[in-house]
């Protein structure tokens with residue numbers, strides 16, 4: 001290169017590579033810099049540079065490589081921050097590694113790094129998808145204890161967890177708690193409830209929720225209609241299914 005790049009320039013380049021799904025190239029470029037002696041070239045790697053690549057690796061499912069890069073970062077005296085942990089936790093959860101993700105949460109507490117709403121929501125969602133509602137409840141309780149207010153995404157994940165276990169009544173209680181907390185339910189909130197009631201053959205209740213959705217001026221999407229029409233057809237209410245599209 002004619003111009004000697006600095007840390008900001010290199011981080012921008014790596015962000016561009018990761019954004020364009022070229023994480024492998026970003027990692028190779030980083031490895032090449034390390035091999036040449038990155039600091040001898042007048043470049044001081046920082047947390048932003050490492051977080052950029054770690055996040056890209058995690059999103060690509062390359063969690064082992066992300067963890068190795070985090071270890072390298074620590075060896076250089078750069079401490080992981082909340083963005084590092086959130087990327088790793090999300091990466092492990094995406095690969096079904098909820099145990100490793102939960103251990104990372106505990107590691108954050110040990111290192112006095114305060115998790116944020118996103119950190120907790122990732123774990124609540126992961127536990128719910130694994131059918132581990134007790135663990136999801138425990139994370140939710142820890143979240144409240146840490147004075148981190150759950151958002152609509154957190155509540156939606158918990159509601160979905162209960163519906164997956166056919167616990168639609170508790171899911172509705174979570175929905176009511178969300179509203180009581182001053183949060184406005186979104187289309188996903190209603191889709192979770194409608195789908196949950198439909199799967200439990202509670203068609204009339206699902207239709208009532210559908211009407212409630214309209215009263216809140218929320219526009220149903222393909223998922224809403226698919227859940228409702230499928231349930232109506234399976235219960236022999238063909239004309240009602242046709243009317244729902246009118």
Worksheet entry | Meets criteria (under 24 Å from residue 89 (Cα atoms) and either in a loop (DSSP other than H, G, I, E, B) or more than 14 Å from the chain's Cα centre (by Cα) (or both)) for residue 126 | no
Item to complete: Any chance you could count how many residues in segment 15-40 are exposed (fewer than 12 other Cβ atoms within 10 Å of the Cβ) and modelled with pLDDT under 70?
Response: 7
Item to complete: Tally the residues that are under 18 Å from residue 226 (Cβ atoms) and not in a loop (DSSP other than H, G, I, E, B), restricting the search to segment 169-197.
Response: 11
Worksheet entry | segment 79-117: number of residues that are crowded, with 17+ Cβ neighbours inside 10 Å, in a loop (DSSP other than H, G, I, E, B) and modelled with pLDDT under 95 | 1
Worksheet item: If you scan segment 55-78, which residues turn out to be within 23 Å of residue 112 (Cα to Cα) and either in contact (Cβ under 8 Å) with a residue 40 or more places away in the chain or part of a loop (DSSP other than H, G, I, E, B) (or both)?
Response: 69, 76, 77, 78
Discussion item. Would you confirm, using the coordinates I've provided, whether residue 149 is loosely packed, with under 14 Cβ neighbours inside 10 Å and part of a loop (DSSP other than H, G, I, E, B)?
Written reply: yes
Discussion item. Based on this model, can you work out whether residue 207 counts as crowded, with 17+ Cβ neighbours inside 10 Å and at pLDDT below 95?
Written reply: yes
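The values are calculated or read from the model by the stated rules, or taken from the named source; none is laboratory data. If you're wondering where the values come from, they're calculated on a predicted model, not measured in any experiment. As a convention, Cβ positions derive from the backbone with ideal geometry for all residues, glycine included, and neighbour counts pool all protein chains shown.
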